[in-house]
Amino acid sequence: MAVMAVMAVMVLDLALLAGSLPLGSVSFEERFLIWREAARKRPVENRPRYIACTEAASIRAATCRRLLRTWPGGPVDDFRCVVGGLSGFDCLEALVKAKVAVRKLTLFDLNPMQLLYGELMLELVGLAPSRDAFLASLFGRSEHKFGRVLGVSNMMDFLDLPVDSSLLCSMQLPERLRGLYATVVGCISEPSGWPVAWPSFGQRELIPKRRMAPVSLTKSERRLGGQKNEAFHINEEGWLKDESSYRRVRALLMDLRASGSVSFELMNLKDVSPADGQSVLFISNIDGSPQFLADSALDTVREGLIKGSGGTLLLSTRRAEWLTEDSRIEEGETKQQG
């Protein structure tokens, strides 16, 4: 059955490219697979490892709730965040909404290309006063002109719109970011590069499955992460959920940048040292796989953070731990009682 489905998609792909098949006669699932297959066949060598998020929208929301429950109060003196797919911006939005001041932002990554991607995205945010303008700078298409609220059910219609090259050419970027910008836009606006970075994906890890669909998507095809699918979760969750969430993050980022309080550091997580004052260290889902961070390495990071003077909230999609010298004492007392 799987082989027959692939063959059917290949036939549809050829028919669409030849213009002999009306787009309206092709189902969402078929178009989804066609886009994926086209992207797989057009690899982009210098694509950043992550362009969008590999976590479900529900996990992104839960991470922000965990942050606010665990934060002890007072301003965040330094919010340190791995670049990745920039899901750490969700946490910034949650803090701003909760009226928690953020005094400094440090974006770090082990991968130079990923760090440069973080710089590019910050530059684009600065150039885009609205969320629609920001999305247009990436997709080459305007949700406003699309005329519908973009979501997983209609994102293929959105992606079928022609790219407005004038939107992309209007971006006045520093010379050192222009090549990467062209690469990223190519991966997002066209079926190229792998994995695919989708506008939306629904709330869960698997894209919603429709009954009576002519082509059934496998769990692997429907799953986020695993070097298969990424998502911006537009209109679903995070800092791109709506205009208000975008504007909150943008205002904070622009204020921090204007005061010289944004820095980019090429750094391994194992080399992170305690920050001055109360800080947050957001590591995304790095602690979810031994290939990124073994338990022993995480223990080393934790031990280093405990030595800080003000306390650090170690935050990931799996944990939220407030680390101070007192927490080491409390942990020791708990072990003695046990």
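The values are calculated or read from the model by the stated rules, or taken from the named source; none is laboratory data. Note that the structure is predicted; figures quoted are calculated from it, not measured. Heads up, the Cβs are rebuilt from the backbone with ideal geometry, glycines too, and the neighbour counts pull from every protein chain shown.
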Taking region 177-188 and keeping residues in contact with a helix residue (DSSP H, G or I) (Cβ under 8 Å, 6 or more places away or on another chain) and over 27 Å from Phe28 (Cα atoms) leaves Leu177, Leu180, Tyr181
Being closer than 30 Å to Phe134 by Cβ, touching a strand residue (DSSP E or B) at 6+ places or on another chain (Cβ under 8 Å) and at pLDDT 95 or above is the requirement here; does Leu269 meet it?
no
Subset tally (residues that are part of a loop (DSSP other than H, G, I, E, B) and touching a strand residue (DSSP E or B) at 6+ places or on another chain (Cβ under 6 Å)) for region 78-99
3
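Each row is one residue, and each column tells you yes or no for (1) crowded, with 18+ Cβ neighbours inside 10 Å; (2) of a type in the set (Lys, Arg); (3) modelled with pLDDT of 95 or more; (4) under 29 Å from Ser263 (Cα atoms).
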| site | (1), (2), (3), (4) |
| --- | --- |
| Leu135 | yes, no, yes, yes |
| Leu159 | yes, no, yes, no |
| Ser165 | no, no, no, no |
| Ser170 | no, no, no, yes |
With the first residue restricted to region 137-161 and required to be over 19 Å from Arg222 (Cβ atoms) and of a type in the set (Ser, Thr, Tyr), and the second required to be modelled with pLDDT under 95 and outside any helix (DSSP H, G or I), Cβ contacts under 7 Å at 6 or more apart or on different chains are Ser137/Met171
Those residues of region 172-181 which are surrounded by 12 or more Cβ atoms within 10 Å (Cβ to Cβ) and not hydroxyl-bearing (Ser, Thr, Tyr), in sequence order
Leu173, Leu177, Arg178, Gly179, Leu180
So Phe264 passes all but one of these: (1) assigned to a helix (DSSP H, G or I); (2) farther than 29 Å from Gln203 by Cβ. Which condition number does it fail?
(1)
Out of everything in region 50-77 that is assigned to a loop (DSSP other than H, G, I, E, B) and surrounded by 15 or more Cβ atoms within 10 Å (Cβ to Cβ), what residue ends up being nearest to the chain's Cα centre (by Cα)?
Ala52
